[in-house]
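Inspection log for the structure reproduced underneath, given as structure tokens.
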Amino acid sequence: MIAYAEAMSTTPPRVTDGMVAELRGELDDAVLVELTMMVAVENSRSRFNAALGLTSQGFRDRCELPATA
């Protein structure tokens, strides 16, 4: 799912038929549509914030998550 979200988030998007087929093996159509919509919403928010110069509210400074490998 992360690879799918990352592929959706690139410009231009790099989602492949294989990615969708793999997700369809794990998710039903309604869940796949919901996942796709939520990734699209977060991408839209990110672009909106970037266009207006909105920055982080500093939450990471207070609650840093450990780096993953």
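The values are calculated or read from the model by the stated rules, or taken from the named source; none is laboratory data. Predicted model, so just to flag it, every value in this text is computed and none were measured. All Cβ positions, even for glycine, are placed from backbone atoms using ideal geometry, and neighbour counts span all protein chains on display. Just so you know, the surface numbers come from the protein's heavy atoms only, side chains and all, with ligands and any DNA or RNA stripped out. Shrake-Rupley method; radii C 1.70, N 1.55, O 1.52, S 1.80 Å.
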| request: Please give, to one decimal in nm, the separation of the simple spin-label points placed at residue 62 and residue 17, each 7 Å out from Cα toward the Cβ. | output: 4.9 nm
| How far is it, in nm, from the label point at residue 35 to the one at residue 51 when both lie 7 Å from their Cα along the line to the Cβ? | 2.8 nm
| request: Match the structure shown to one of the listed values [x] 12.5; [y] 13.2; [z] 14.1 of Kirkwood radius over Cα pairs in Å, computed from it, and give that label. | output: [z]
| said: If you roll a 1.4 angstrom probe over the protein chains with everything in place, what fraction of the accessible area of the chain belongs to carbon and sulfur, to the nearest %? | reply: 59 percent
| If 56, 9 are ordered by their accessible area, calculated over protein heavy atoms with a 1.4 Å probe, which sequence runs from highest to lowest? | 56, 9
| query | Taking only protein heavy atoms and a 1.4 Å probe, what accessible area per residue, in Å², does the chain have with all protein chains in place? | reply | 85 Å²
| Nearest-10 value in Å² for the accessible area of residue 22, using the 1.4 Å probe | 120 Å²
